Amino acid sequence: MSGSKIKSNGLLNTWLERKLPTVFVVPSMVFLTLIVIFPLLYMLYTSTRFVNISKPHYGNYFVGLGNYLDAIRDPKAMKALGITIFLTGIVVSAEFILGLLISVLLNRPGKLQTFAQTVILIPFIMTPVITALLWRYMLQPDIGIINYLLGSLGLPEPTWYASTSLALISVAIVDIWQWTPFMVIILLAGLQRIPLVLYEVAMVDGSSPMQMFFRITFPLLRPMIMLSLVFKLLYSLKIFDSIHVLTKGGPGTVTQIYNYHLYKQVFRFFYTGYGSALGVILAIVTLVFCLVLVRLISEETGR
Amino acid sequence: MTLKSRKIQVLIITVLVVLAIGFYGLTAIAGGDSKDGGKGGKSKDITLKIIIDSLPVVAGQRFIAANFEKETGIKVEILEVPYGELKEKIMLDIIGGSGEFDLVCPDGAWAAEVMASGYIIKMDDFIKELKADSQYDFDDLVPGGLEFCKWDGSWYGLPSTLHSNAYLITRKDLLEKAGFGVPRTWDEFDEIAEYFTGYVDPETGEEVDYGTITPGQRDDPIIMAWMNRMLSMGGAIDGLGIGSLWDSNFEPTFHRGPGLEAAKLLMKHLIEYGPPGPTSVTWGTQTEVYMSGRAAMIAAWDVLFADFENPSQSKVVGKSNYSQIPIVAGKKGGGLLATRAFYIPKGAKNKDAARAYIKFATSKEQDKQTVLNGAPAPIRLSNFTDPDVLAKWPSMREAGKIYATLINEPLVPEWSEIKEALGIALTRAAVGEIEVGDALDEAAETVREIFERAGYYR
Amino acid sequence: MILLKKRGNFKSAILNLLTLLLILLLVLPFIWLIITSFKFPADIWAKPPVWAFEPTLDNYKNIIFEKNLPLYLINSVVVAVCTTLLAIIFGFPAAYSMARFKTGGRALFFDYLTFFMFPPIIIAIPFFIFMKSAGLIDSKIAVILAHATFSIPFVVLMMRGIFLDAPIDVEEAALIDGCTKFSAFFRVVLPLAKPGIVASAVLVFIFSWNELLFALILTYSRSPTIPILASLTIEAHNIRWGQMTAVGSITVIPVVVITFFIRKYILIGFTLGAVGELEK
């Protein structure tokens, strides 16, 4: 089948040829819009009303931006937002640094490396509820294997998710264990496409490995870095299972992240109006984060 | 962005909106059709659908369902969902009026919320009928359980299972050896707990790490432990929670009197006699630690007693004594009563069959079946003393006495929200972030706000 | 890398040791999970943790026969495979179009981002109502559609990045040769993008396989998925650790085996441009 044959196939093909980019985008947009538009519109609509679906006797009335103001004035919500941003900061940076180091480590030929490239995916494949439960079991202050190992090394045995200072760190540990493989896979893929020739040239020039990393690896890896950061950022704002299983937001409100606060409002107390407003605020915060990151991507890749 | 692509976008969006409207229109019509179809094909093969969480007692409920099927020919389908998701599952179903389930079994903690929502049917006539039925013997039902089924003067359901964590389980071998009896006051309890914290048996070398282990995780575990102590120390609450939680004007009182005392006692138990990190302890952790033989006594759920005497799970088989937590003699209020109750959603498709099932499942004989095949949690007084039941569950010797003193959780629709405030306050105190009295004062303030918003002070 | 060989075996040994350590760190928790799944409950909560114990298959028997694992497994496979196919079929051309022809510009890109990031907890309730009115509750279709809401944008965003990075010359050559854009897409782009498709497909598959919230809201007895079985081991008063770990082990192993075979694709998948070089 040659190109000219298709070209001569008449009007449809000419049209298809001209509109191809649009034709490719429309199905997915139509599909997504069909599924999501109702929920989205519903959410925007309820966010302007006072409504509690399990307690209809409270009434259902228009409050305009009242829910948004409530959310901003609610110290619990704002504290939760702060915790979320803090937690996101910890996990994204830790996963990125670890991911980069590990991917550099694994970017070599060898049986061990090949094996590692496979098993590294295990934490990522495991169902998040099970991951969280497993870590709850292992970090258990009393019988947990981690405290047992620490104890037998003569190290202090912290109370992990039961203590004010370490609860959020425990949640972060679970997330880091679970998501570092994701970072590794994407970064490793990026590393593998850097032509070895570049390093050889640099070697001849007498560059140190440090210089090579910052002059060759890092710049060429940038698009992959941005891609992985955007995705991880989006997912970090949605952390839920580890909180629900490990701490229920406690002790106190130390680990009550925004998403958990949202869950409580919507699925425990059924303040759907207020919850929707919380959701929209979360989406806006996410959008701002993404905007910044996408700006960075565009600038760096020049596209 | 070029002008052209903007134009395309506007076009795309317009087309999408039109399509979406058409699509929803169509699905609405299709949905309507299927509903009518459901009503039409009713007569013969009814399937009764029940939603419940995965409790040990569900095994017993399955047994009843099989009997019901045999007797009436109505198929019964029990859907087990994780406890953590039971509430939203039930609420979404009854609010949508979808009629997926004919019977829903929410936790008693949400009973008021469910009944006040107006999405489930009243059953005053049905209850009147049952009361008149001498064979059914309505008065035999545990009175506390019935409290969860009444709202605003009307009947809405009947209990499917009752359970309690007002039991005190002690290691009788250890206690006897050390010359202790079963503790009858909290002072005695503390003395024994103190004695066994870090205890090593001089003869056998057996180690007991903790005098007692108390659940301290945020939300239900720590709140139940606190309320149990509050009630046993002379606290009292009526159905609406009036008494030691708040007064008749819904002004919080739990941060004074028995509430405060109980919180102080709870902190002592959590911090001094229990394992490190008390806020990590759930009911599961507590029972597992006890079953591994490392705690001298616990206050625990009766639904888990089957595990205690199961050799594959427990190292203390036959070594436990089951009694009640220390109480003030002669007072009602020996701990909390928890429940699952049957309610019929307004949208239920088989309401008559659902009523028949309730009557069947709560009958003497079938309740006995639940207990014999599930866990020791009957809803009928007569089954507390039934010889077969006692032969199967020796732990139930005192159960009848215990259940007579239990008090149910407050019946206010805002209870879930209030619990969050209490859970936060108590766990903050448990990790030493704040003094327990101050924590409860803060919680009282939050509870006031919740009542204020819900219009209790108007 | 060639560099390392020149630096001598000592450094290589250290790096290998580090890799080994890393593998252990990643895999030990999983091994602990597997070990726990063969323990009786009494051994699970022993202190100190026991390594030598009498193994049991009770946990596996329980989840397979009593809890009906096959039902969940089949549902999960169907849902995850369909979601993946749907996401690729819809997402891949869109990503290509956006990367190559700048369709919709940044605005369209943000449309997809917006779809991707809305909190599922909020979407879940209206989505439930929508599915209810469509009569699709407790059907796999409902779960697949719900998973598509995050899978399609994911594929679009991921593949767009990949296409932006891939060299444009092969396609241009094809276009100059007289191919239409349409046939160039099928004859040149598609084969070239195969590893990329596989890579995004694997990630989408994993996300769908592990998704809990939508699956929970939208299913009853007919189409629950694996994560629901996992959370069923969390009872009101206790957690069935043995069963939980058994579910964990059983459901991870097939996916690990699959990933082992397509590992190479995953790694090169994100870098269309480098395919040629790697295969040399």
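None of the figures in this text is laboratory data; all of them are computed from the coordinates on show. From a predicted model like this one, the values you see are computed outputs, not experimental measurements. Methodologically, a virtual Cβ is constructed for each residue, glycine included, from the backbone with ideal geometry; neighbour enumeration extends over all protein chains shown.
In the neighborhood of B:Gln366, defined by Cβ-to-Cβ distances under 14 Å, what is the net charge if each Lys or Arg adds +1 and each Asp or Glu adds -1? All intermediate terms of the calculation are to be shown ahead of the outcome.
Values: positive: B:Arg62, B:Lys70, B:Lys359, B:Lys364, B:Lys368, B:Arg380; negative: B:Glu69, B:Glu71, B:Asp137, B:Asp140, B:Glu365, B:Asp367, B:Asp386, B:Asp388.
In short, -2.
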Next item on the list: Pop out the Kirkwood hydrodynamic radius of chain C from its pairwise C-alpha distances, inverse of mean 1/r, in Å to one decimal.
Entry: 22.0
Margin query: Show me the chymotrypsin sites (Phe, Trp or Tyr not before Pro) within the stretch C:3-107 that DSSP assigns to loop and that have at most 11 other Cβ atoms within 10 Å of their Cβ.
Written below: C:Trp51
Item checked: Amide hydrogen neighbours beyond the local backbone of B:Gly374, cut-off 5 Å, H modeled -> B:Gly60
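By the scheme Lys and Arg +1, Asp and Glu -1, what is the net charge of all other residues having a beta-carbon under 14 Å from that of B:Ser382? Each step should come with its number before you reach the end.
Details: positive: B:Lys364, B:Lys368, B:Arg380; negative: B:Asp137, B:Asp139, B:Asp140, B:Glu365, B:Asp367, B:Asp386, B:Asp388.
The answer is -4.
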Note to self: Over the Cα atoms of the stretch B:312-458, each weighted equally, I'd like the Debye log10 I(q)/I(0) at q = 0.13, 0.16, 0.18 Å⁻¹, rounded to two decimals.
What the structure shows: -0.93, -1.10, -1.13
Check: Taking K and R as +1 and D and E as -1, what net charge do the other residues with C-beta under 14 Å from the C-beta of A:Val171 add up to?
Finding: +1
Notebook entry, point to check: If one takes the longest principal axis of the Cα atoms in chain B, at what angle in degrees, from 0 to 90 and to the nearest 10, does the Cα axis of helix B:364-373 lie?
Noted result: 70
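Got the relative contact order for chain B handy, in percent, Cα pairs under 8 Å and 6 or more residues apart? Don't skip to the end; give the middle numbers.
Values: 821 pairs, mean separation 113.0, N = 458.
RCO, chain B: 25 percent.
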Notebook entry, point to check: Which ³J(HN,Hα) values in Hz, rounded to whole numbers, follow from the phi angles of the stretch C:172-180 under the Karplus curve 6.51 cos²θ - 1.76 cosθ + 1.60, where θ = phi - 60° and Gly and Pro get x?
Noted result: 4, 4, 5, 5, 5, 5, x, 5, 7
Notebook entry, point to check: Using alpha carbons only, how many degrees (0 to 90, rounded to 10) separate the axis of helix B:3-40 from the longest principal axis of chain B?
Noted result: 80
Next item on the list: For the stretch B:357-401, run through the trypsin sites (Lys or Arg not before Pro) and keep only the ones in DSSP coil with at most 11 other Cβ atoms within 10 Å of their Cβ.
Entry: none
Item checked: Under the Karplus curve 6.51 cos²θ - 1.76 cosθ + 1.60, θ = phi - 60°, whole-Hz ³J(HN,Hα) for the stretch B:405-418, x wherever Gly or Pro sits -> 9, 6, 10, 7, 5, x, 9, 10, x, 8, 4, 4, 5, 4
Check: Considering the alpha-carbon set of the stretch B:310-372 alone, what are its Rg and its Dmax in angstrom?
Finding: 18.8, 49
Next item on the list: Report the dimensions of the stretch C:1-127 along its three principal axes from the alpha-carbon atoms, largest first, rounded to Å.
Entry: 62, 58, 25
Checklist line | Cα-based Rg and Dmax for the stretch C:123-247, where Dmax is the largest Cα-Cα distance (Å) | finding: 20.6, 70
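Return the tail of the calculated pair distribution for chain B, meaning the percent of Cα-Cα pairs more than 33 Å apart. Provide the component values of the computation, followed by the final result.
Details: 44249 of 104653 pairs.
So the portion of pairs separated by more than 33 Å is 42 percent.
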Checklist line | Rh by Kirkwood over Cα pairs, then Stokes-Einstein D for the stretch B:84-133 at 1.567 mPa s and 4 °C, µm²/s | finding: 107
Margin query: Between the stretch B:51-81 and the stretch B:106-122, how far is it from one alpha carbon centroid to the other, in angstrom?
Written below: 21
Notebook entry, point to check: From the phi of every residue in the stretch B:75-91, what ³J(HN,Hα) in whole Hz does the Karplus formula 6.51 cos²θ - 1.76 cosθ + 1.60 yield, where θ is phi - 60° and glycine or proline is x?
Noted result: 6, 10, 10, 9, 9, 9, 10, x, 3, x, 10, 4, 5, 5, 4, 5, 4
Check: Under Stokes-Einstein, with the Kirkwood radius over Cα pairs standing in for Rh, what whole-number D in µm²/s applies to the stretch A:114-224 at 10 °C and 1.306 mPa s?
Finding: 93
Checklist line | Whichever aspartates and glutamates have a C-alpha closer than 15 Å to that of C:Lys47, once near sequence neighbours (fewer than 8 apart) are set aside | finding: A:Asp142, A:Glu157, B:Glu206, B:Glu207, B:Asp209, B:Glu288
Next item on the list: State, in angstrom, two size descriptors of the protein assembly as shown derived from its alpha carbons: Rg to one decimal place and Dmax to the nearest whole number.
Entry: 30.5, 102
Item checked: Theoretical ellipticity at 222 nm over the protein assembly as shown - DSSP helices of four or more residues, -39500 (n - 2.57) apiece, nearest 500 -> -19500 deg cm²/dmol
Check: When the convex hull of the Cα atoms of the stretch B:70-171 is projected onto a plane and the area is averaged over all directions, what value comes out in nm²?
Finding: 9.5
Checklist line | Residues whose placed amide H lies under 5 Å from that of B:Thr161, excluding near-sequence neighbours | finding: B:Arg340
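Do any of B:Lys87/B:Lys172; B:Lys122/B:Lys392; A:Lys264/B:Lys75; B:Lys49/B:Lys131; B:Lys128/C:Lys132; B:Lys87/B:Lys349 go past 29 Å between their Cα atoms, and which?
Details: B:Lys87/B:Lys172 39 Å; B:Lys122/B:Lys392 36 Å; A:Lys264/B:Lys75 36 Å; B:Lys49/B:Lys131 26 Å; B:Lys128/C:Lys132 36 Å; B:Lys87/B:Lys349 21 Å.
With Cα atoms farther than 29 Å apart: B:Lys87/B:Lys172; B:Lys122/B:Lys392; A:Lys264/B:Lys75; B:Lys128/C:Lys132.
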